[in-house]
Amino acid sequence: MIRKLFIDHCHEAGETYFEHLGFTIKTSATLLFSGFALFIHGLLPFLFTTTASANIKKLNATITARAAKDPDNVTALHKKAA
């Protein structure tokens, strides 16, 4: 049961637990930083003029590249989410 909770999704994504953990930590840190930069940009429009959009574009490229490794698996995961 514990294995299923911690390992199965990672294997479905084609990663080990620690690879998946590393990716999610890096992604969440990037999103948190981007959100902070966007908030500051809203208050002071001359700061962080391209930070959030550049980070989102990079994340999109990274996620798209990861999906391209195993498109059938990604399709299956999207069907589960729907």
(Q) Checking the conditions here, which among His9, His41 is closer than 18 Å to Lys69 by Cα and surrounded by 14 or more Cβ atoms within 10 Å (Cβ to Cβ)? (A) His9
Q) Out of Phe18, Phe36, which single residue is surrounded by 13 or more Cβ atoms within 10 Å (Cβ to Cβ), free of Cβ contacts under 8 Å to residues at least 60 places away in the same chain and not in a loop (DSSP other than H, G, I, E, B)? A) Phe36
Q) Can we say Leu21 is more than 16 Å from the chain's Cα centre (by Cα) and of a type outside the set (Asp, Glu)? A) no
Q. Taking segment 21-33, which residues are closer than 17 Å to Lys57 by Cβ and either surrounded by 13 or more Cβ atoms within 10 Å (Cβ to Cβ) or β-branched (Val, Ile, Thr) (or both)?
A. Thr27, Thr30, Leu31, Phe33
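Every number in this text was worked out from the coordinates using simple rules, so none of it is lab data. Just so you know, these numbers come straight off a predicted model, no measurement behind them. Don't worry about glycine lacking a Cβ; one is built from the backbone with ideal geometry, like all the others, and counts go over all protein chains shown.
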